[in-house]
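Please read the structure below before turning to the comments.
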Amino acid sequence: MSIAPIVQSVTVSLPPQRAFDIFATRMGRWWKPGMTIGAQPHADIVIEPAPGGRWFERDADGAETEWGKVIAWDPPERLLLAWQLDATFSYDPDFETEVEVRFEDLGNGTTRVTLEHRNLERFGPTAQKVAESLGSGWPGLMQLYADLARSEEKAQ
């Protein structure tokens, strides 16, 4: 069984490096509160900036909950993450789908940011249901990212 990847794009009025930085280093600022898996709400979401780095959430008490790892860190063009949350949205170090984010320079300080979440068939018998859940979540998250990028643009 093959399931089409989830693809979501937004355009931001920032150059690619700035768009990359906001996505990768300020995820905790734009990620929707309550859409995390830790026991407490997230205070930050961290992507360690190198291949093999961790991707995790941290709550206000400092407790960390793993989400996955960095496969490729190629600013300002590309970020590739291993999503290691299984069909029940629990961390599983032996499970992996991929979230690739590309930052395309459109000129004039504008960047198209495209997220692709793929290999969804790896979720097994519930893959279609999980894909539908992820497919309804990513558009809103990407809009929240674009909203933060817009506020950053105005602050420049």
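Each reported figure results from applying straightforward, stated rules to the coordinates on display, with no laboratory input. Because the structure is a prediction, the values reported are computed rather than measured. Because the Cβ atoms are built from the backbone with ideal geometry, glycine has one as well, and the counts that use them run over all protein chains shown.
Can you give the helix-only mean residue ellipticity at 222 nm for the chain, where every DSSP H stretch with n ≥ 4 adds -39500 (n - 2.57) and the sum goes over all residues, rounded to the nearest 500 deg cm²/dmol?
Taking each H run of at least 4 residues, the total per residue is -9000 deg cm²/dmol.
With P(r) over Cα pairs in 5 Å bins from 0, in percent as the read-out, I listed [x] 2, 10, 20, 21, 18, 12, 8, 5, 2, 1, 0; [y] 2, 10, 17, 23, 22, 16, 8, 3, 1, 0; [z] 2, 10, 22, 25, 22, 14, 5, 1, 0; which label goes with the value calculated from this structure?
[y]
Taking amide H positions as placed in the peptide plane 1.01 Å from N, state which residues far from ASP44 in sequence (5 or more) or on other chains have amide H under 5 Å from it.
Placed amide hydrogens put ARG58 under 5 Å from ASP44.
Sequence neighbours fewer than 8 away in the same chain don't count; with that in mind, list the lysines whose C-alpha is under 24 Å from LYS154.
Within the straight-line cut-off, LYS154 pairs with LYS32.
Sequence gap at least 6, Cα distance under 8 Å: using those rules, report the relative contact order of region 6-155 to the nearest whole percent.
After rounding, I find 28 percent.
Taking the Cα centre of each part, how many Å lie between region 49-65 and region 101-116?
26
What ³J(HN,Hα) values, in whole Hz, does the Karplus curve 6.51 cos²θ - 1.76 cosθ + 1.60 give for region 35-46 when θ = phi - 60°, with x put for Gly and Pro?
Here the 3J(HN,Hα) series is 9, 10, 10, x, 5, 10, x, 6, 9, 7, 10, 10 Hz.
Under the Karplus relation 6.51 cos²θ - 1.76 cosθ + 1.60, θ = phi - 60°, what is the ordered set of whole-Hz ³J(HN,Hα) values for region 119-129, x standing for Gly and Pro?
6, 5, 4, 5, 6, x, x, 9, 4, 5, 5
Ranking request for peptides 135-141, 99-105: highest mean number of other beta-carbon atoms within 10 Å first, then the rest in descending order.
99-105, 135-141
Expected output is a single nm value to one decimal: the length gained when fully extending between THR110 and TYR91, i.e. 0.36 nm times separation in residues minus the C-alpha distance. What is it?
Full extension from THR110 to TYR91 adds 3.3 nm.
Using the number of other C-beta atoms within 10 angstrom as an exposure proxy, rank LEU144, LEU79, LEU85, LEU106 with the fewest first.
LEU106, LEU144, LEU85, LEU79
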